[in-house]
Structures are given as C-alpha cells and as structure tokens.
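The values are calculated or read from the model by the stated rules, or taken from the named source; none is laboratory data. Please read all numbers here as calculations on a predicted model, not as lab measurements. Here Cβ is always computed from backbone atoms with ideal geometry, including for glycine, and neighbour counts include all displayed protein chains.
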Amino acid sequence: MKLLLALSIALLQAEGTNAQSSVRPGEEGTHYVSSTSVEESRDFNKTVVPISKLQSYGPFQTVKLATGFCIDPDCRFIGTNYHVAKAMGKHLKVKGSPVVHRWLGTGPDDEEASENKQSFFLGMKYKEKYALIRDIAVVELRWPLSKKGYRSTPFYNDDLEYGQTAYIYAFPLNWNPKRHLEKFKAKFLGYNVKYSKLSWEDLSDKPLVFDYDQADGKLRGGASGGIVVDEQGRIIGILNALASDMDHTITAVPVHSFADFLSRVQPYLATQLFPKSVVIPPASADSYPEWVPPPRFGHLEHRPVEPPEVQALRAKATDLADTIRNFIATQSLEWGKGDRDSTPQAITELEVQVIHGYQRWRELPDGKKELDEIPFPAPLNSAIIPGGEWSEMPNLVGNNLKLHINHAPDITVNNETFQVFQWSGEVEDGICKFKSIWDLFFMSYSKIDTLNCYGEVWTDKDLNLVRASENFKLIGRWKNYRGVVTFGVMTMGDHKVRVPMTIATQAEYGGKLYWCQGVFSDYHEFASTFKIGNPAIGSAMDAAKLDQRVDKPQ
C-alpha cells in the first residue's frame with residue numbers, strides 16, 4: 001500500500017546569533033529524549049555528526065547549524081542536505097577535519113527544482129531553488145573521523161511498508177549551542193507528491209513522509225541532514241524538512257535518490273555501498289584473460305579486412321576521441337597503497353583545461369600557475385601518476401591500424417549486457433610506452449620503455465564506448481600495470497555528450513600494489529563551437545607521457 005500526500009515544507013537548518021553565547025553549555029554526548037531503543041548495541045552518536053559554522057556579517061556574528069552522517073566505514077565522507085552544504089559554503093570543518101571536496105545533488109538549474117525558503121540572518125528568509133528529491137550533498141574530509149571512533153551504518157534501499165516504525169537521529173537546536181544527538185520515534189506515512197512531475201505510480205521523484213512522536217519532543221532547526229533508520233538500524237532516509245501544514249511531520253530524501261547521486265559523483269564508494277547502482281565498477285578487472293592474436297608469417301602479406309563490427313567500433317572510438325578535445329573540468333584524484341578500500345595517502349583536486357587535445361592543469365581552488373603534468377603527490381615516495389589514458393585509448397582503438405582487435409562474447413554486469421572487444425599490441429608496433437622517473441633530489445632520471453600490451457573495450461548495444469582498459473607487461477622495478485577508464489553521458493545545455501567519468505590505474509612495485517583513482521566532474525563547454533571530454537594528454541602530444549610511474553627513494 002502506498003499513501004501519497006501533498007505537503008508544504010519548512011527547512012530544518014538553523015541559524016542563530018552570538019546572543020546565544022550566554023546560554024549555559026551542557027555536556028556533549030547522546031541525549032535520548034525517548035525511552036524506546038532502536039538497537040541497544042548501536043551507538044549512533046558515532047555515526048551522526050553535528051555541523052556548525054560561525055559566520056560574520058559586519059558587526060554581527062551568526063552560527064549556522066545542521067547535521068550530517070558518516071557514509072563510509074572510515075567516516076571520510078559525510079552526507080547531508082544540499083541546502084546545508086550550500087549555506088555552509090566550501091570552507092568548512094566537521095569535527096575538526098577540513099572539507100577538501102564537495103558534491104551537490106541539485107541546484108537552481110535542476111529540472112525538478114522548486115522554490116524553498118532558506119534562513120539567512122536574524123530570522124530573515126530568502127527563497128532558493130532546488131529539487132527536494134535531490135536535497136543531498138556529500139563532502140570529503142581531509143582526515144577520516146574513524147580515528148575518533150566514528151563509523152557508518154548500513155543503508156536499506158528497498159520499498160517501505162505503510163505504518164512501519166522508524167527512528168530519527170539529528171542534532172536539533174534546543175536553545176543550547178552545545179547540541180545533543182536526539183532520537184525521535186516515527187512512523188512511515190507515505191510519499192510527498194506536492195512537487196512531483198511524474199505519475200502517482202512512479203515514486204522516484206517523491207520524498208518520504210514520516211510522522212514522529214510528540215512525546216519525544218519537537219524537531220527544530222539544526223536537524224537538517226539527520227538520518228531516518230528502521231528497527232534494524234539501517235538508514236532509510238535523509239531528513240531534510242518539516243511539513244509546514246501538518247504537525248510533527250517530516251520529509252526525507254529516499255535512499256535510492258542518494259544511491260543514484262553517489263554513483264555519479266563517487267562511483268568508487270558507491271561500488272562498496274550500493275553495488276547495484278554502479279553498472280560498471282570503475283576499477284574492475286577485465287572480463288577475459290589476455291587475448292593472443294594468431295602468429296604472423298615471415299613473408300609480406302596484405303593487411304586482412306577487419307570484420308564489420310570491428311570497423312564499426314573503430315568509427316565509434318574515433319568519434320569519441322574527436323569529441324573530447326576541448327573542455328574544462330574538475331579532476332579529483334586519490335593515491336594509495338594496498339587495498340583500494342583503504343584510506344588514501346594523498347588527495348588532490350585540479351582544474352583541467354583541454355584545448356585541441358592538449359591539456360593543462362591548475363590547482364584548486366585558487367592556483368594561478370598552469371601545469372604541464374599532474375603534480376606528484378608530495379607526501380609519497382612512490383606513486384603512479386595518470387597520463388592520457390582517457391583520450392589515448394579511444395584514439396588508439398579508433399586510429400591505430402597496427403592494433404589487433406578481437407570481438408569476444410558479450411558479458412552481463414548488473415543485469416546489463418555489453419559487447420566486449422579485446423585488443424593486443426606488440427613491442428615492434430610501438431603502441432604502448434611507459435615512462436619511469438627517479439627523483440634523486442639533486443637530479444632526476446627518466447626512462448621510456450616500449451612494451452607489449454593488451455586490454456578490453458566494452459560497448460553498449462550501439463557500440464558506444466562505456467569502458468576501456470590497458471595492461472602493460474612492464475620490465476624493471478614496476479610490474480603489472482593496469483589502467484581503466486569509464487565513459488558516460490552528461491547533459492550539457494540542450495544536448496548530451498559522452499565524456500570520461502572515472503580513471504583508475506595501478507601497478508606493483510617491490511611486491512606492493514600502488515594505485516590512483518580519479519573522478520571527472522563539473523564539465524564546462526567553451527563559448528564557441530566545442531567538443532567536450534576529460535583531462536588528458538592528447539595523443540598528438542608526446543607519446544612518452546602516456547603514463548608516468550614515479551619512484552622517489554627516501
């Protein structure tokens with residue numbers, strides 16, 4: 001049974017002035033205003049976090065208050081509402097850890113955006129447009145909060161039953177600036193259809209509605225970004241607003257909306273939390289073992305005619321390579337060692353400009369100098385630096401006729417079917433190059449090797465590239481290099497463009513796995529005629545810069 005409601009909403013973000021500093025502070029910790037327990041063994045005080053920011057307006061000071069929650073086991077990613085992240089700004093700390101990246105789930109240009117009242121200063125309000133169903137945001141912290149005992153809790157991404165019991169956890173403001181985590185018993189009522197543009201049967205754009213127990217107190221400002229959990233302690237919604245026309249009733253963003261958003265902005269993390277939401281895992285291994293082409297004969301012969309499907313693949317790859325030669329985007333990179341699920345040892349965020357296939361980088365948020373290469377992650381002694389895999393692989397498949405291509409059987413991943421093409425390149429063809437750099441402080445030494453290589457290209461039924469990989473048979477200190485790039489479609493203005501979405505590279509050194517993974521976002525098109533894509537070293541550039549593996553001994 002699905003109950004549909006039409007509710008007006010009022011946001012739960014709080015804002016107070018410095019007059020509150022005279023209030024007697026209380027002890028920090030979990031303050032349960034209900035005697036009912038969700039799960040006695042679970043301490044949500046180490047999952048839900050208070051978010052606050054002191055901001056000055058001339059002679060006045062105001063404190064903005066909200067709530068967030070740990071998304072991953074290390075609590076390096078914090079979830080909250082879009083209207084919270086927007087009000088707090090980019091420069092923010094959560095439990096003392098600075099925010100280094102921020103991803104917003106909606107905005108004024110969202111097709112489903114509606115006008116919502118937002119607190120500004122001293123009770124003044126202003127209207128801001130965004131979609132309530134995507135009133136979500138994710139921030140990445142420089143230092144994980146797991147060192148302070150924080151951890152995530154599971155999600156439940158399935159249908160809810162009318163009347164089922166739930167519990168709300170948040171940090172509302174109760175006239176004490178040192179807030180407590182409060183718990184409210186609630187009941188699922190149905191879905192809010194007020195701003196829905198889809199049919200009543202389609203629930204994908206309808207926020208959840210819960211009625212909470214008045215005996216537990218009253219939800220006030222500062223609770224935005226809290227969580228709604230079921231009796232098993234699983235997150236079923238993200239608290240974002242009060243229903244202004246119904247008492248003790250709140251709305252929440254459903255988990256499916258959060259999972260869809262996370263799969264786009266942090267596919268590596270979404271692969272762990274919501275495997276079904278990520279069709280192609282961004283760091284996945286190839287589907288088949290290495291393909292070895294038939295041996296060549298010693299005498300000269302005409303190049304054989306390729307099968308029609310291989311010719312069609314080359315045409316599609318060439319179109320993609322030509323499309324991604326001019327754009328501006330943000331490239332977020334993380335470096336680590338060992339398991340990819342482990343906490344990264346270094347992170348960076350760069351603006352990349354690609355003009356006619358040549359790329360330049362600028363450090364965000366306020367870097368002035370243009371860089372020819374991705375800078376080496378300073379804290380590390382050995383690292384793998386991505387090159388132009390995102391553009392080199394489509395160009396290689398499309399235009400290098402020395403590349404041998406084999407059409408393999410189709411595969412099915414997360415209920416979607418893909419065509420698979422295997423490719424192979426030999427040393428004498430000069431297809432794959434690998435550059436190693438040794439930084440000896442007073443001098444540096446580099447070496448370029450031409451190698452045997454192979455990989456796979458996955459396409460949809462129309463032969464549009466969705467994944468491309470390359471594997472190098474390295475010689476020397478580095479071993480077993482693999483690079484994977486995934487491609488997706490983004491809406492730019494009034495048209496759709498296929499662009500790179502993720503890049504993942506790895507190699508072994510001294511028996512240890514070193515990896516780098518990146519996400520491309522915030523694409524911008526040039527004002528003139530443009531073709532859009534992602535960060536890269538274009539194939540017209542120095543081919544030796546295809547990949548860089550850097551060893552910097554202590």
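Tell me, please, whether a residue that is at pLDDT below 85, in the same structural domain as GLY237 (by TED's automatic domain parsing), of a type in the set (Phe, Trp, Tyr) and in a strand (DSSP E or B) can be found in the stretch 143-163. Working first, answer last.
Just the residues of the stretch 143-163 that are at pLDDT below 85, to begin with: none.
No, that holds for no residue.
Is there a residue in the stretch 465-476 that is on the phi > 0 side of the Ramachandran plot, modelled with pLDDT under 90, surrounded by fewer than 16 Cβ atoms within 10 Å (Cβ to Cβ) and not in a strand (DSSP E or B)?
Yes: one or more hits.
Given the residues LYS337, LYS316, which is the only one that is at pLDDT 90 or above, out of contact with any helix residue (DSSP H, G or I) (no Cβ under 9 Å at 6 or more places or on another chain) and not small (Gly, Ala, Ser)?
Going through LYS337, LYS316 in turn, just one is at pLDDT 90 or above, out of contact with any helix residue (DSSP H, G or I) (no Cβ under 9 Å at 6 or more places or on another chain) and not small (Gly, Ala, Ser): LYS337.
May I ask you to say which residue of ASP322, ASP341 is over 29 Å from SER444 (Cβ atoms), in contact with a Lys or Arg (Cβ under 7 Å, 6 or more places away or on another chain) and surrounded by fewer than 20 Cβ atoms within 10 Å (Cβ to Cβ)?
Result: ASP322 is the single residue among ASP322, ASP341 that is over 29 Å from SER444 (Cβ atoms), in contact with a Lys or Arg (Cβ under 7 Å, 6 or more places away or on another chain) and surrounded by fewer than 20 Cβ atoms within 10 Å (Cβ to Cβ).
Within the stretch 395-414, which residues are in contact (Cβ under 8 Å) with a residue 24 or more places away in the chain, among the polar types (S, T, N, Q) and surrounded by fewer than 21 Cβ atoms within 10 Å (Cβ to Cβ)?
In the first step, residues of the stretch 395-414 are kept if they are in contact (Cβ under 8 Å) with a residue 24 or more places away in the chain; the result is 395-408, 411, 413-414.
Now narrow it down to the ones that are among the polar types (S, T, N, Q): 395, 399-400, 406, 414.
Passing the criteria: ASN399, ASN400, ASN406, ASN414.
Has the stretch 422-438 got at least one residue that is modelled with pLDDT of 90 or more and touching a helix residue (DSSP H, G or I) at 6+ places or on another chain (Cβ under 9 Å)?
Checking the stretch 422-438: at least one residue is modelled with pLDDT of 90 or more and touching a helix residue (DSSP H, G or I) at 6+ places or on another chain (Cβ under 9 Å).
One residue is enough: does the stretch 265-280 have a residue meeting the conditions surrounded by 19 or more Cβ atoms within 10 Å (Cβ to Cβ), among the polar types (S, T, N, Q), in contact with a helix residue (DSSP H, G or I) (Cβ under 7 Å, 6 or more places away or on another chain) and not assigned by TED's automatic domain parsing to the domain that holds ASN157?
Within the stretch 265-280, one or more residues are surrounded by 19 or more Cβ atoms within 10 Å (Cβ to Cβ), among the polar types (S, T, N, Q), in contact with a helix residue (DSSP H, G or I) (Cβ under 7 Å, 6 or more places away or on another chain) and not assigned by TED's automatic domain parsing to the domain that holds ASN157.
Give the residue, chosen from THR106, THR67, that is part of a loop (DSSP other than H, G, I, E, B) and either buried (at least 24 other Cβ atoms within 10 Å of the Cβ) or among the polar types (S, T, N, Q) (or both).
Details: THR67 fails: part of a loop (DSSP other than H, G, I, E, B).
One residue alone meets the criteria, THR106.
Between residues in the stretch 258-271 that are among the acidic types (Asp, Glu) and residues that are in a helix (DSSP H, G or I), which pairs lie under 7 Å by C-beta distance while being six or more apart or on different chains?
Going by the 7 Å Cβ cut-off, the qualifying pairs are ASP260/SER277.
Yes or no, residue by residue, for (1) assigned by TED's automatic domain parsing to the domain that holds GLY222; (2) outside any strand (DSSP E or B); (3) at pLDDT 90 or above:
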site	(1), (2), (3)
ASP74	yes, yes, yes
HIS91	yes, yes, no
HIS101	yes, no, no
GLU115	yes, no, no
